[in-house]
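The values are calculated or read from the model by the stated rules, or taken from the named source; none is laboratory data. Quick caveat: nothing in here was measured; it's all calculated off a predicted structure. These area figures cover heavy atoms from the full protein model, side chains too; ligands, DNA and RNA do not enter into them. Shrake-Rupley method; radii C 1.70, N 1.55, O 1.52, S 1.80 Å.
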Amino acid sequence: MAGGLLGIATSGLMAAQRGLATTGHNIANVNTDGYSRQRTEQVERLPSFTGAGFVGNGVDVASITRSYDSFLNAQLRSSLSAHGELETYHGMASQVDNFIADPDASLSPSLQSFFNSVQDVVNDPTSIAARRVMLTEGETLVQRLNTLNGRMDELRSQVNQSLSTNIDEINGLARGIASLNERIVVAYNQAGKPPNDLLDQRDLLTEQLAQKVGTSLFEQKDGSLNVFIGSGQALVMGSTANQLSLQNSTYDPNQKDIAITAGGSVAVVVTTAISGGEIGGLLRFGSEVLDPAQNALGRIAAGLAATFNAQHSLGSDLNGNAGADFFSDVTNAAIGQYSWFGRQTNSGNAILSVAFDNSAGNGSSDLTASDYRLDYDGANYTLTRLSDNTQFNNATGAFAIDGLAIGIGGGAVAAGDSFLIRPFRRVAGDLSVSLTDPREIAAAGSPFAGPGDNTNARALAQLQTLPSLLGGKASYQDAYNEIVGDVGTLTHAADIDSTAQKQLLDHARQARDSVSGVNLDEEAANLLRYQQAYQAAAQLIPALNSMFDALIGAIRR
């Protein structure tokens with residue numbers, strides 16, 4: 001009986017001590033990110049049978065468990081991924097919205113000033129000063145187009161830099177998860193109990209990973225966690241972490257693709273499969289905001305140069321010569337030099353010819369802001385308009401589509417060759433004013449009309465409001481307003497969605513913390529409870545000592 005009492009007292013002391021240690025551990029980690037509250041699970045020992053019935057033998061600590069809800073944690077990761085994507089998307093889109101809609105730094109004031117100077121030439125076609133102002137305002141307009149295009153190029157570089165930084169962080173997190181997987185498996189095998197603190201550390205890494213990219217997690221029987229991204233690409237498998245990398249696109253070296261490498265295998269491009277997190281936001285911004293806006297700006301520059309040059313060529317300058325190009329020529333095949341990219345795996349050496357086609361007289365109005373892809377299967381060519389995936393087919397490779405003339409300009413095409421065509425990506429950045437002498441401005445309708453004739457100058461001024469773009473429905477300013485409106489709408493929608501998702505994230509975090517978070521009031525109560533239990537269990541020992549003393553005293557007598 002004495003041995004039984006000693007065992008009971010010792011078990012009570014040990015159980016209370018474990019409870020105190022666990023409570024203290026909770027209190028110490030109240031501000032530790034990712035920590036889940038722990039608790040001791042106590043079970044009564046099997047009783048011993050006596051003639052009077054079963055007598056208890058004390059208590060055991062069965063395990064120390066963490067307060068964890070897999071559903072709430074999955075919901076939190078999903079919210080982190082969605083919020084990371086929307087916040088990044090909104091932050092980048094806001095930058096474009098700010099500079100294209102700026103009342104002073106946008107295209108609008110330069111466009112208006114330029115046509116005001118054209119009107120001044122209309123009012124006094126013989127004035128060299130007015131003509132010089134028109135050249136200056138033309139250069140200012142071109143510089144504004146160059147600047148806007150340059151800002152978009154800078155944002156593309158910023159996107160690429162952010163992608164690189166995020167990929168480095170993702171690779172580090174993946175290695176951390178793989179390392180913890182290995183330690184967790186060893187701990188399970190050695191102790192047969194869950195290593196709570198290691199599991200918390202791994203959960204924290206998966207939350208940080210979810211902020212970077214959308215993930216899917218699958219826990220294995222041995223306690224390890226497999227992590228997948230995109231449409232099922234394995235990032236972590238047990239103790240092995242695959243690596244993401246940023247590489248040049250197979251078409252455009254200025255465009256970056258995300259690839260994943262497993263072991264020593266060849267990197268597989270997964271850009272289109274990735275969504276969620278900050279990387280998803282960056283990729284969405286590029287495809288939904290930056291690329292369309294820059295293409296649309298290039299379309300305005302191309303339409304402006306093509307229509308203004310065409311009208312200018314119909315007039316006569318002060319020297320009696322026919323009007324030369326006012327802006328740099330965008331209608332010839334020279335644009336093709338930088339507007340197409342052959343896939344790196346192409347086996348042929350074909351050179352594309354890409355030019356703006358005005359053979360029908362309405363080429364500028366037909367221009368879209370889309371990119372195109374030309375594929376050859378050995379017999380037929382397929383031209384795909386990437387904005388809506390509309391396809392055009394023929395056996396010659398010559399296409400007159402959307403105000404563009406596209407064809408094979410030289411070399412040989414091999415079966416399987418593919419080309420990416422971006423007619424407008426560089427136009428706004430490369431546009432310039434060709435004229436340098438104010439006398440070369442063709443204000444007169446003909447060389448016989450006299451120096452005071454302003455017939456052609458009036459026609460040039462009327463181009464400001466002429467619906468020469470977007471299928472003959474929009475002027476230059478209208479087309480620019482469409483860019484501003486589209487970007488503004490996307491930015492505003494992203495702002496609303498980001499705010500709403502932030503609230504959902506807060507709710508998800510609160511729900512998780514209500515289960516896993518440490519409550520200091522509750523821990524204080526547990527501290528007092530275990531302290532009292534320890535003191536009470538300790539009283540059994542002097543009681544047992546008194547029993548031994550009485551027994552020994554009775555024997556001595």
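Along segment 406-415 the Karplus relation, 6.51 cos²θ - 1.76 cosθ + 1.60 evaluated at θ = phi - 60°, assigns HN-Hα couplings of 10, x, 8, x, x, x, 10, 9, 9, 4 Hz to successive residues, with x for each Gly and Pro.
For segment 260-357, what class follows from the C-alpha gyration tensor (a ≥ b ≥ c being the square roots of its eigenvalues): rounded when a/c is under 1.5, otherwise prolate if a/b is larger than b/c, else oblate? Oblate is the answer for segment 260-357, as a/c is 1.5 or above yet b/c matches or exceeds a/b. Mean residue ellipticity, 222 nm, helices only, the chain: the sum of -39500 (n - 2.57) across DSSP H runs of n ≥ 4, divided by residue count and rounded to 500, is -18000 deg cm²/dmol.
In this structure, the amide hydrogen of Thr390, modeled 1.01 Å from its nitrogen in the peptide plane, lies closer than 5 angstrom to those of Arg385, counting only residues at least 5 positions away or on a different chain.
The residues of segment 1-98 expose on average 50 square angstrom of accessible surface per residue, using a 1.4 Å probe on protein heavy atoms.
Per the Debye formula on identical point scatterers at the alpha carbon atoms of segment 63-197, with no solvent, log10 I(q)/I(0) at q = 0.15 Å⁻¹ is -0.93. For the chain, carbon and sulfur atoms together expose 52% of the accessible surface, with a 1.4 angstrom probe and every protein chain in place. Accessible area per residue for segment 399-461 is 36 Å², calculated with a 1.4 Å probe on protein heavy atoms, without ligands, DNA or RNA. Look at the alpha carbon pairs under 8 Å that are at least 6 residues apart: their mean separation over the length of segment 230-330 gives a relative contact order of 15 percent. Restricting the calculation to Cα atoms, the chain shows an Rg/Rh of 1.26 when the hydrodynamic-style radius is the Kirkwood one. Sort segment 453-504 into rounded, prolate or oblate with this rule: let a ≥ b ≥ c be the square roots of the eigenvalues of the Cα gyration tensor; rounded if a/c is under 1.5, and if a/c is not under 1.5, prolate when a/b is larger than b/c, oblate otherwise. Prolate shape, in that a/c is at least 1.5 and a/b is the bigger ratio. Taken as Cα centroids, segment 55-77 and segment 248-269 sit 44 Å apart, rounded to the nearest whole angstrom.
For Lys502, the lysines whose Cα comes closer than 22 Å to its Cα, not counting residues fewer than 8 places off in the same chain, are Lys212.
Heavy-atom accessible surface of segment 122-253, averaged per residue, reaches 44 Å², computed with a 1.4 Å probe.
When only alpha carbons of segment 355-435 are considered, Rg and Dmax amount to 13.8, 46 Å.
Take every pair of alpha-carbon atoms less than 8 Å apart whose residues are at least six positions apart; their mean separation over the length of the chain yields a relative contact order of 21 percent. Near Gly409, the amide H atoms lying under 5 Å from its own belong to Ile351, Leu352, Ser353; only residues 5 or more places off or on other chains count, and H is placed 1.01 Å from N.
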